[in-house]
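Colleague: Have a look at this one before I ask anything.
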Amino acid sequence: MNVLIAEDDDISRVLLEGILKIEGFTVITSCDGAEAWEKYKDNNISIALLDWMMPRMDGVELCQHIRDAESSDDRYTYILMVTAKNTAEDIVEAMTIGADDYIKKPFDKYELLARVQAGRRILESKQKLKESEEKYRTLIENSMDLIMVFDLDGDILLINDAGANILGEKPDYFIGKSIFGIYPEKAAIFEDRMDQIITSGVGNDFEDVITLPSGERWFWVSLHPVKEKNGNIFAIQAISHDMTERKQVEKRELKIKDTAIQTSINPIIMADVEGKLTYANTSFLEKWRYNSVDEVIGLPIAEFFKTERDVEVLLAALSEKGSWLGELTAKRKGGLDLDVQLSASMVKDDEGSPIRMMFSFIDITLRKQAWEAVIKSEERYKALTEDSADGIFATNKDGLFTYINPVLEDMCGIKSAYTLGTHFGKHFSTEASKQLEWIFCDLKDGKNIKTLEFNVIREDGSSIPIEINAAPVIKDGEFDGMECSLRDITNRKKLENDLKESYERLQVAYEELKELDQMKTDFVSVVTHELRTPLAIIRNNLEMFLDGTFGDLNELQEESMGMIFNNIERLIKLVQNSLDMSRIYGDRLKLKFEQVKIKEIFEKVVSGMKLIAEDKEHKLTLEVLGDIPVIECDEDRITQVLTNLLHNAIKFTPNGGKIGVTLQRDEEEGVILAKVSDNGIGIPEDEQENIFKQFYEVDSYLHHESGTGLGLSIVKGIVESHGGKIWVESTPEVGSTFSFTIPEVKNE
Ligand code: ADP
């Protein structure tokens, strides 16, 4: 801080300079008033110590100059007069010309310092005041808001440029005028607000719209009391913020929100505090099946819910907590139910008083159905797995158990309480674990798993055979774990083993029987072969006895010999049949194939049988249809077949029957087809397939004749040996037709 010393007395000047320098001041000295005036002009002097009496220009004149200069350049110098004068008039004079203080000569050093410091403090606080005044002014001047100060009569004391501009005039237009006069329509509001401020001592805010030449503008007005030091209110400051733009944005926002609600996919309604509907959006009207909003406005909201209880709970929650969220059943027009999720809230005004209730719905019918289906299927799945006879477990994609059914717990001793969340590989025996690991990896790689069997070692060390089925758990198309069912196949394995064992036993028994059968066939073959020759000799001799070669026989002898002859004949036939049978079954039937005129054979056999047929008064005919080619066959055996069939026909047809033989060529099949028909006793259907078996005779009271039961099986053997087929069509008491075929060309 610069201090100017104007003093013509050298000692005093040096003394003053010394004292002030020590205190940290920058000291500028001068020996007279004129020099001091020059130095004042050149330097930024804050404090001046002026000697009253000086040559060229005294302190009073200098003080005058300084004060004059200050008024033009906005400076202030604290002037301390140093004088030897000490009358009251002198002091008054000094102060009148503009000095701030004075000190009498000779001066005390401390008094001098105290007065200089006081000057400095005054200067500093003046400076601060100036700065804050400037700040305030800048604030007002730079503010975009309208700032106005008016006295308690409403006369405008101050208005900033921006404010005047907003109101469409220059500031001067407003100064001194009454706000009640300028805006008479606002007079009531201002008067009311001013009264409030005067009585309460505090300001207040309000929103208002003013019509200006530029149009309607919204203002946020904030009124504050301006007080004197003693607290008396002497004016009111009004800061008005133009919020027209914001209002427009708000209005637009409101419109957007309104459109959003109106077009929301969710049904939305509002009700007043009484619970009467005041608003419903399009979605609500559609969902609740109303045609227009007029149908619903004013209806109590209870109209839209199924149960009164729900409405009570809802309203209670809204008034207590201000909101409610949950699911309930709504009621639509015509009493139709609708499952909804409801979000309800109480809308309150700025003071916190409820003004509206708002309800926003979501139709959850589908979600509920889907959820119920999920629960059902989960329950079903759970029931299936829990009740399953198989052990079942599931893992996540890392192989950690997520489910173990009670059967598996028993089967393998894996307790779900301790093992869920642990890796499956830890809980099976080594071999089983290895197999399961492979399965897990294959499933992970997307491979199909066939059913596998392996043994699982139980807790007690016993081993059980297991059949395992595994399937991947797929989630969003990705492998998400595996599901395995393990079946204890102990019983099945045992059955399989038993079956295998009994099959093996049967195989052995079969082989033994086959061997025995072969032995029997061989035995029959040997016996019959051995019997044939002696029987033939006996018959020949008997024939000779009977035809009188050995002399005449008396009647009794002839009768007895005849009986013996018939029985020997039967015996020979049996032996012959047995021999044929054993050949057929022992694959030893040797056929003598040669070119044979089959038609001639048939004619020969039929004419040969005529006598026997006539014995029973049968009519025996042969019919040859078309040309019959010469075929390759064993003539004797085919003769045997036809003879046998004719014998049967004669035998099983009551006297006076009709027996017919037909012979034809089936060109398509390449065979000769022969048929032997009778109108005899016939064969029951269930017996028809048995008659071709060995030793089979139909057990019927109609059978008078007894045979060997070998004939047809030999016939079949011969026909089949030729590559042909034989079959019968028969109706009891109507008759039978035996058909057989012989290939025209011998099958190799
Ligand atoms: P059998 O020596 O008893 O005649 P077959 O093998 O020749 O033995 O015949 C078997 C059985 O078939 C006969 O016992 C008879 O019951 C029945 N059978 C065969 N041919 C005829 C037929 N033409 N009419 C009715 N039954 C017949």
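Since every read-out is calculated from the coordinates, none of them should be taken as a lab result. Nothing here was measured: the structure is a model prediction, and the numbers come from that model. Cβ atoms come from the backbone with ideal geometry, glycine included; neighbour counts cover every protein chain shown.
Colleague: Counting pairs of Cα atoms in the range 117-187, how many percent are more than 22 Å apart?
Modeller: 38
Colleague: Let me ask another. How far is helix 109-142 tilted, in degrees, relative to the longest principal axis of the Cα atoms in the chain, given as a value from 0 to 90 rounded to the nearest 10?
Modeller: Helix 109-142 sits roughly 50 degrees off the main axis of the chain.
Colleague: Can you compute 3J(HN,Hα) from phi for each residue in the range 191-203, using the Karplus curve 6.51 cos²θ - 1.76 cosθ + 1.60 with θ = phi - 60°, rounded to whole Hz and x for Gly and Pro?
Modeller: 4, 4, 5, 4, 4, 4, 5, 5, 6, 8, x, 10, x
Colleague: Distance from the Cα centre of the range 91-116 to that of the range 18-50, in angstrom?
Modeller: 15
Colleague: Here's another thing I want to ask about it. Report the paramagnetic label zone for Ser222: residues of the range 196-210 whose backbone N is under 14 Å from a point 7 Å from Cα along the Cα-to-Cβ axis.
Modeller: 203-207, by backbone N distance to the label point.
Colleague: May I pose another question? Determine, for Val508, Val82, the number of other Cβ atoms within 10 Å of each Cβ, and report the residues in order from fewest to most.
Modeller: Least crowded to most crowded, the residues run Val508, Val82.
Colleague: Just going by the charge dipole of the chain, with Lys and Arg at +1 and Asp and Glu at -1 on Cβ, which of Asn541, Ile628, Leu223 is farthest out on the positive end?
Modeller: Asn541
Colleague: Using the alpha carbon gyration tensor of the range 361-464, what are the three equivalent-ellipsoid semi-axes (square root of 5 times each eigenvalue), largest first, in whole Å? Each step should come with its number before you reach the end.
Modeller: Working: eigenvalues 203, 58, 32 Å².
Result for the range 361-464: semi-axes of 32, 17, 13 Å.
Colleague: Note down the relative contact order for the range 626-673 as a percent, whole number, built from C-alpha pairs under 8 angstrom at least six residues apart.
Modeller: Relative contact order for the range 626-673 comes out at 45 percent.
Colleague: Report, in whole Å, the centroid distance computed from the Cα atoms of the range 454-496 and the range 653-678.
Modeller: One Cα centre to the other: 66 Å.
Colleague: Here is a further query. Mind listing the long-range amide H neighbours of Tyr696? Cut-off is under 5 Å, sequence gap 5 or more, other chains count too, H placed in the peptide plane at 1.01 Å from N.
Modeller: Residues meeting the amide H criterion: none.
Colleague: Using all C-alpha to C-alpha distances in the range 604-748, build P(r) with 5 Å bins and read off the rounded percent in each one.
Modeller: 2, 10, 19, 24, 21, 15, 7, 2, 0
Colleague: List the residues, sorted by chain then number, that are 5 or more residues from Ile79 or on another chain and whose placed amide H is less than 5 Å from its amide H.
Modeller: Result for Ile79 returns Ala48, Asp100, Asp101.
Colleague: For Leu15, what is the net charge nearby, where nearby means another residue's Cβ is under 10 Å from its Cβ and Lys, Arg count +1, Asp, Glu -1?
Modeller: So the surrounding residues net to -2.
Colleague: Another question, if that's okay. Regarding the range 179-337, what are the three Cα extents along the principal axes, ordered largest first, in Å?
Modeller: 73, 38, 22
Colleague: In addition: Put +1 on the Cβ of each Lys and Arg and -1 on the Cβ of each Asp and Glu in the range 164-309; which of Ala164, Phe305, Gln196 then has its Cα farthest toward the positive end of the dipole?
Modeller: The residue sitting farthest along the positive end of the dipole is Phe305.
Colleague: Using a Förster radius of 30 Å, what is the FRET efficiency between Lys415 and Glu478 based on their Cβ-Cβ separation? Nearest 0.05, please.
Modeller: Working: r = 30 Å, r/R0 = 1.01.
Efficiency computed from Cβ-Cβ geometry: 0.50.
Colleague: While we're looking at this one, here's another question. Relative contact order for the chain using alpha-carbon pairs under 8 Å, separation at least 6, rounded to a whole percent?
Modeller: 4
Colleague: Using DSSP to define loop residues, name the trypsin sites (Lys or Arg not before Pro) in the range 645-746 whose beta-carbon has at most 10 other beta-carbon atoms within 10 Å.
Modeller: Sites meeting the loop and neighbour criteria: none at all.
Colleague: Please report the net charge: other residues with Cβ closer than 11 Å to the Cβ of Gly711, K and R +1, D and E -1.
Modeller: +1
Colleague: Still on this structure, please answer the following. From the square roots a ≥ b ≥ c of the eigenvalues of the alpha-carbon gyration tensor of the range 94-139, which class results: rounded (a/c under 1.5), prolate (a/b over b/c), or oblate?
Modeller: Oblate shape, in that a/c is at least 1.5 and b/c is the bigger or equal ratio.
Colleague: Follow-up. Expressed as an acute angle from 0 to 90° and rounded to the nearest 10, what is the orientation of the C-alpha long axis of helix 430-444 relative to the principal long axis of the chain?
Modeller: 70
Colleague: Report, ordered by chain and residue number, the lysines lying within cross-link reach of Lys227, taken as a straight Cα distance under 25 Å and ignoring same-chain residues fewer than 8 apart.
Modeller: Lys126, Lys128, Lys130, Lys135, Lys177, Lys186
Colleague: How large is the helix-only mean residue ellipticity at 222 nm for the chain, computed as the sum of -39500 (n - 2.57) over DSSP H runs with n ≥ 4, divided by its residue count, in deg cm²/dmol to the nearest 500?
Modeller: -14500 deg cm²/dmol
Colleague: How far is helix 10-22 tilted, in degrees, relative to the longest principal axis of the Cα atoms in the chain, given as a value from 0 to 90 rounded to the nearest 10?
Modeller: That helix lies at roughly 20 degrees to the long axis.
Colleague: Which peptide among 532-540, 389-397 comes first, and what is the full order, when sorted by highest mean count of other Cβ atoms within 10 Å? Walk me through the intermediate numbers first.
Modeller: Details: 532-540: 12.9, 389-397: 18.4.
Going from most to least packed, we get 389-397, 532-540.
Colleague: Excluding Thr737 itself, calculate the net charge of residues whose Cβ lies under 9 Å from the Cβ of Thr737, where each Lys or Arg counts +1 and each Asp or Glu counts -1.
Modeller: With Lys, Arg at +1 and Asp, Glu at -1, the net is -1.
Colleague: So how do Glu511, Glu569 line up by other beta-carbon neighbours within 10 Å, fewest first?
Modeller: Glu511, Glu569
Colleague: Once you have the Kirkwood Rh of the chain from its Cα pairs, apply Stokes-Einstein at 25 °C and 0.890 mPa s and quote D in µm²/s.
Modeller: Working: Rh = 44.3 Å.
This corresponds to a translational diffusion coefficient of 55 µm²/s.
Colleague: Put +1 on the Cβ of every Lys and Arg and -1 on every Asp and Glu Cβ in the chain; which of Ala383, His241, His427 then has its Cα farthest towards the positive end of the dipole?
Modeller: The listed residue farthest towards the positive side: His427.
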